[in-house]
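Enquirer: Structure below; questions to follow.
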Amino acid sequence: GAGVSQSPSNKVTEKGKDVELRCDPISGHTALYWYRQSLGQGLEFLIYFQGNSAPDKSGLPSDRFSAERTGGSVSTLTIQRTQQEDSAVYLCASSLGIAGELFFGEGSRLTVL
Amino acid sequence: AQSVTQPDIHITVSEGASLELRCNYSYGATPYLFWYVQSPGQGLQLLLKYFSGDTLVQGIKGFEAEFKRSQSSFNLRKPSVHWSDAAEYFCAVGARLNYGGATNKLIFGTGTLLAVQP
């Protein structure tokens, strides 16, 4: 597609379950970002992938969070043993890198009961 | 590490009035600066960006922003607000890579929610 695609758009899970969120970036974009948006918290940086370089994981809030990017394209954000405080909208963005402009997906809304 | 402060959580203006949204950043060098807008139920859209050169940048929808190094600010302005401008606005700062290349980690402020009164 033409834009950044994220799935699922909505996910409701029980506390303690694992979840996977998927991001399909714009074709050809070398940079991929994950952000978390909570009410009143703005956009919290989670992780950044740039080409074949080691990812910048400095924003991951705990070791329950991990992400990978396969083949320089699709990315999966995994949250293990979900907690209620993990409830948020998880946004993925991609960019060409040099231009710097981030193109965002619609987000995956996660609700942990 | 870079950081961004948007001191106004919520602003209400009348339609037709002028608007200024404040953004202050912290970064040890000249940053890349962005303003994004998030309309209700929609994704984030880039309004404008500053990389270098002219410190007054023009964006879409009639918005402009001015980079003031001395004040570490990048305030967003619009001379006449329209009801469709009601949205949440995010300022973001990006760090330059050592070779002067692309932005890497983009740090966002907490956002300013704009309401427009008829």
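Enquirer: Over 28 Å between Cα atoms, which of A:LYS57/B:LYS78; A:LYS57/B:LYS49; A:LYS11/B:LYS61; A:LYS57/B:LYS68; A:LYS11/A:LYS57; A:LYS17/B:LYS49 qualify?
Expert: A:LYS57/B:LYS78; A:LYS11/B:LYS61; A:LYS57/B:LYS68; A:LYS17/B:LYS49, as the Cα separations exceed 28 Å there.
Enquirer: Could you work out which residue, out of B:LYS49, B:LYS78, B:LYS68, moves most in a Gaussian network model of chain B, that is, has the largest mean-square fluctuation with Cα springs under 10 Å?
Expert: Checking each option, the largest mean-square fluctuation is seen for B:LYS68.
Enquirer: Once a ≥ b ≥ c are taken as the square roots of the eigenvalues of the Cα gyration tensor of chain A, is the result rounded (a/c under 1.5), prolate (a/b larger than b/c) or oblate (a/b not larger than b/c)?
Expert: prolate
Enquirer: Moving on. Suppose R0 equals 22 Å; then what is the FRET efficiency for B:SER39 and B:GLU66 from their Cβ-Cβ distance, rounded to the nearest 0.05?
Expert: Working from the Cβ atoms, E equals 0.40.
Enquirer: Excluding ligands, DNA and RNA, what is the solvent-accessible area per residue of chain B at a probe of 1.4 Å, expressed in Å²?
Expert: Accessible area per residue: 47 Å².
Enquirer: Then there's this: For the stretch A:49-113, what is the Kirkwood estimate of the hydrodynamic radius, computed as the reciprocal of the mean inverse distance between distinct Cα atoms, to one decimal in Å?
Expert: Taking every pair of different Cα atoms in the stretch A:49-113, averaging 1/r and inverting gives 13.4 Å.
Enquirer: I'd like the Kirkwood hydrodynamic radius of chain B, using the inverse of the mean 1/r over distinct C-alpha pairs, in Å.
Expert: Kirkwood hydrodynamic radius for chain B: 14.4 Å.
Enquirer: Here is a follow-up. Output wanted: per-residue J couplings in Hz (rounded whole) for the stretch B:25-38, from phi through Karplus 6.51 cos²θ - 1.76 cosθ + 1.60, θ = phi - 60°, x for Gly and Pro.
Expert: Listing the rounded values in order: 10, 10, 6, x, 9, 6, x, 8, 10, 9, 10, 10, 10, 10 Hz.
Enquirer: Give the accessible surface of the stretch A:23-97 per residue, rounded to a whole number of Å², with probe radius 1.4 Å and ligands, DNA and RNA excluded.
Expert: On a per-residue basis, 42 Å².
Enquirer: In the stretch B:3-117, carbon and sulfur make up what percent of the accessible area (probe 1.4 Å)?
Expert: The computed percentage sits at 49.
Enquirer: Only four residue types carry charge here, +1 at the Cβ of Lys and Arg and -1 at the Cβ of Asp and Glu. Report the dipole size of the stretch A:23-97 about the Cα centre in Debye, rounded to the nearest 20.
Expert: Taking the Cα centre of the stretch A:23-97 as origin, the dipole is about 60 debye.
Enquirer: Which FRET efficiency value, to the nearest 0.05, is calculated for A:ASP18 and A:ASP56 with the Förster distance at 30 angstrom and r the Cβ-Cβ distance?
Expert: That pair, A:ASP18 with A:ASP56, gives E of 0.80.
Enquirer: With the contact rule set at Cα under 8 Å and sequence spacing of 6 or more, what percent relative contact order holds for chain A?
Expert: Computed over chain A, the figure is 38 percent.
Enquirer: Quick one: work out the % antiparallel among DSSP beta bridges in chain B, nearest 5.
Expert: The antiparallel proportion sits near 90 percent.
Enquirer: Between A and B, buried accessible area summed over both sides at probe 1.4 Å, in Å² to the nearest 100?
Expert: About 1500 Å² of accessible surface is lost on pairing.
Enquirer: Follow-up question, since we're still on this one. Quick one: Cα centre-to-centre distance for the stretch A:1-22 and the stretch A:48-113, in angstrom?
Expert: 11
The values are calculated or read from the model by the stated rules, or taken from the named source; none is laboratory data. Predicted model only: the values in this text are computed from it and were never measured. Methodologically, a virtual Cβ is constructed for each residue, glycine included, from the backbone with ideal geometry; neighbour enumeration extends over all protein chains shown. The area values use the complete protein model at the heavy-atom level, side chains included, leaving out ligands, DNA and RNA. Shrake-Rupley method; radii C 1.70, N 1.55, O 1.52, S 1.80 Å.
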